[in-house]
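Read-outs throughout are calculated quantities, based only on the coordinates presented, and are distinct from any laboratory measurement. These numbers were taken from a predicted model, which means no experiment stands behind them. Glycine gets a Cβ as well: all are built from the backbone with ideal geometry, and neighbour counts include every protein chain shown.
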Amino acid sequence: MKRMTPEKSLLRSVLFLLQAYENHGLVRHFDRLNSGASVVGSGRARRFIKMCRPGTPDVFVIRADGTVLWLELKSLTGRQTEEQSGFERKMAGVPGHIYRVVRELDEIERLFKPES
């Protein structure tokens, strides 16, 4: 049986948690984002599908308060690519947008705790 990578395991847990948050009204919308391109179909039905640009974070979230979260999921030792660092720089200082590199599920939980 194929073992799940730490990053893939984190992604599954994050998406499960965000679905629970959406069900409880803490999240308005979230989506898993993919970058790159893919060819689907064959013969005359073959199509080229372009996804998000390289560097786009793994998950996009709109919290109930309207704040946009951009979440790049990494294992404990994973590093951002130059494109991912570039996206982070583009989001720095944009009102209402928060970019985070997430390595553990509790980092997501902290993004939804009321400020004390």
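Starting at 0 and stepping by 10 Å, how many percent of the alpha carbon pairs of the chain end up in each bin?
For the chain, the pair-distance distribution reads 12, 39, 33, 13, 3, 0.
So who's got an amide H within less than 5 Å of the one on Asp58, skipping anything under 5 residues away but keeping other chains? H placed 1.01 Å off N, in plane.
Those lying under 5 Å, H to H, from Asp58 are Leu71, Glu72, Leu73.
In nm, what is the difference between 0.36 nm times the number of residues separating Lys90 and Thr5 and their Cα-Cα distance?
This chain segment gains 27.7 nm when fully extended.
Apply the Karplus curve 6.51 cos²θ - 1.76 cosθ + 1.60, θ = phi - 60°, to the phi angles in the range 40-50 and return the couplings in whole Hz, x for Gly and Pro.
Along the range 40-50, the couplings run 10, x, 8, x, 5, 8, 5, 9, 9, 10, 9 Hz.
At a threshold of 8 angstrom on Cα-Cα distance, excluding pairs fewer than six apart, so keeping six or more, what relative contact order does the chain reach in percent?
23
Could you state the angle between the C-alpha long axis of helix 6-23 and the longest principal axis of the C-alpha atoms of the chain, as a value from 0 to 90 degrees rounded to the nearest 10?
For 6-23 against the chain, the angle is about 60 degrees.
Less than 18 Å from a label point 7 Å out along the Cα-to-Cβ axis of His29: which backbone N atoms in the range 77-116 qualify, by residue?
96-98
Okay, helix-only estimate at 222 nm for the chain: each DSSP H run of n ≥ 4 adds -39500 (n - 2.57), divide by all residues, round to 500 deg cm²/dmol; what do you get?
Value at 222 nm, helices only: -9500 deg cm²/dmol.
Among Asp31, Asp58, Asp106, which one shows the biggest mean-square fluctuation in a GNM of the chain, springs joining Cα atoms closer than 10 Å?
Looking only at Asp31, Asp58, Asp106, the biggest GNM fluctuation is shown by Asp106.
With charges set only on the Cβ (+1 for Lys and Arg, -1 for Asp and Glu), what does the dipole of the range 7-67 come to about its Cα centre, in debye to the nearest 20?
The calculated dipole for the range 7-67 is roughly 460 debye.
Put +1 on the Cβ of each Lys and Arg and -1 on the Cβ of each Asp and Glu in the range 6-111; which of Met51, Ser9, Val27 then has its Cα farthest toward the positive end of the dipole?
Projecting each Cα onto the dipole axis, the largest value belongs to Met51.
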